[in-house]
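Here is the structure we will look at, set down as structure tokens.
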Amino acid sequence: MKYTFVTLFPNLIEGYFKDSILKRAIEKGILEIDYINPRDYSTNKHHKVDDTAVGGGAGMVMNPQPLFDALESLKAQDENVHIVFMTPVAKPFVQNDAKRVAKKSHIAFVSGRYEGIDERVIEKYADEVFSIGDYILTGGELASLVVCDAVSRNIDGVLGNADSLEIESFETPLLEAPSFSKPQIYEGLSVPSEYLKGNHSKIRSLKLALSEAKTKFFRPEQLKKHQTQSH
Ligand code: SAM
């Protein structure tokens, strides 16, 4: 998978790939990362990339020209690139989206800054738009890293143990049961005794009950989905 980050601030993104799982995936040749800075495409003599909003309104908006030229050059390099705009004005990104787009060969994440991107750019180039939640960030860089990270876990070879994908929250509507590590008793706090008895069917039942309890408390709408699916 190749990821191209279209951003005015590539430095904000680069550090994330310098350690841990995604660094190893790059070293193994599973992931490739590239950056395009729209400022490099600005024809303005001061390399300006934003201007006041037409029709009024607070703040600056990213101009179409640098982004049109940057994205044309990207598409000329790879006509199959899947272009995703990060924006709060979109449906929220979920685990099924991560699994679906993990099958692409090349994803470009376009990050807005200021009050956002001239809508004509999104209309012309977006294959897809994602929000990462109902709040406003200062820019799309963190949002694109969130999506990139979640997608990457679903690409073969990225995770050391792919089995962990199957039991995670959102693979079924239920949230994952609580996990415990060693020692069995720490500072007087014990793991649930059933986990220690080695009866796997009883452990499975307990984990399901704990999953349901957590889901009921934190995400009742997910529990309803689970109950509908299991009838
Ligand atoms: N004026 C915009 C609005 O009210 O919808 C917000 C612009 S925000 C300050 C600047 C950029 O941050 C956006 O263009 C987008 O790329 C990114 N951004 C902010 N919040 C986001 C979110 N929840 N999900 C994805 N991207 C987000």
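The values are calculated or read from the model by the stated rules, or taken from the named source; none is laboratory data. What you see is a predicted model, and the numbers here were worked out from it, not measured in a lab. Here Cβ is always computed from backbone atoms with ideal geometry, including for glycine, and neighbour counts include all displayed protein chains. Accessible surface is based on the protein model in full, side chains and every heavy atom, while ligands, DNA and RNA are left aside. Shrake-Rupley method; radii C 1.70, N 1.55, O 1.52, S 1.80 Å.
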Intensity falloff of segment 2-152 expressed as log10 I(q)/I(0), Debye formula with alpha-carbon point scatterers, at q = 0.11, 0.21 Å⁻¹
-0.41, -1.47
List the aspartates and glutamates whose Cα lies under 16 Å from the Cα of Lys182, skipping any in the same chain that are fewer than 8 positions away.
Glu194
Run through all the Cα pairs of segment 169-230 and give the fraction in each 5 Å bin from 0, expressed as whole percent.
4, 18, 23, 20, 16, 12, 5, 2, 0
Scoring segment 105-187 by relative contact order with C-alpha pairs under 8 Å, at least six apart, yields a percentage of 23
Among Gln65, Gln95, Gln77, which one moves the most in a GNM of the chain with springs linking Cα atoms closer than 10 Å?
Gln77
Along the Cα→Cβ direction, 7 angstrom out, place labels at Phe170 and Lys182. What is the inter-label distance in nm?
3.2
Highest GNM mean-square fluctuation among Ala25, Ala70, Ala213, for the chain with Cα springs under 10 Å, belongs to Ala213
My understanding is that a pair violates if its Cα-Cα distance is over 18 Å; which of Lys28/Lys99; Lys23/Lys75; Lys99/Lys214; Lys2/Lys99; Lys18/Lys99; Lys75/Lys104 do that in this structure?
Lys28/Lys99; Lys23/Lys75; Lys99/Lys214; Lys18/Lys99
For segment 99-231, the accessible surface attributable to carbon and sulfur atoms (probe 1.4 angstrom, ligands and nucleic acids excluded) amounts in percent to 54
Relative contact order of segment 2-152, pairs being alpha-carbon contacts under 8 Å that are 6 or more residues apart, as %:
29
What is the magnitude of the charge dipole of segment 45-122 about its Cα centre, with +1 placed on the Cβ of each Lys and Arg, -1 on the Cβ of each Asp and Glu, and no other charges, expressed in debye to the nearest 20?
360
At 1.4 Å probe size, with every protein chain present, just tell me what the per residue accessible area of the chain comes to in Å².
60
For segment 90-208, just say rounded, prolate or oblate: build the C-alpha gyration tensor, square-root its eigenvalues into a ≥ b ≥ c, call rounded for a/c under 1.5, and beyond that prolate if a/b exceeds b/c, oblate if not.
prolate
Relative contact order for segment 169-230 using alpha-carbon pairs under 8 Å, separation at least 6, rounded to a whole percent?
45
Report for the chain the percent antiparallel among DSSP-assigned beta bridges with both residues inside it, nearest 5.
20
Degrees between helix 200-218 axis and first principal axis of the chain (Cα, 0 to 90, nearest 10)
50
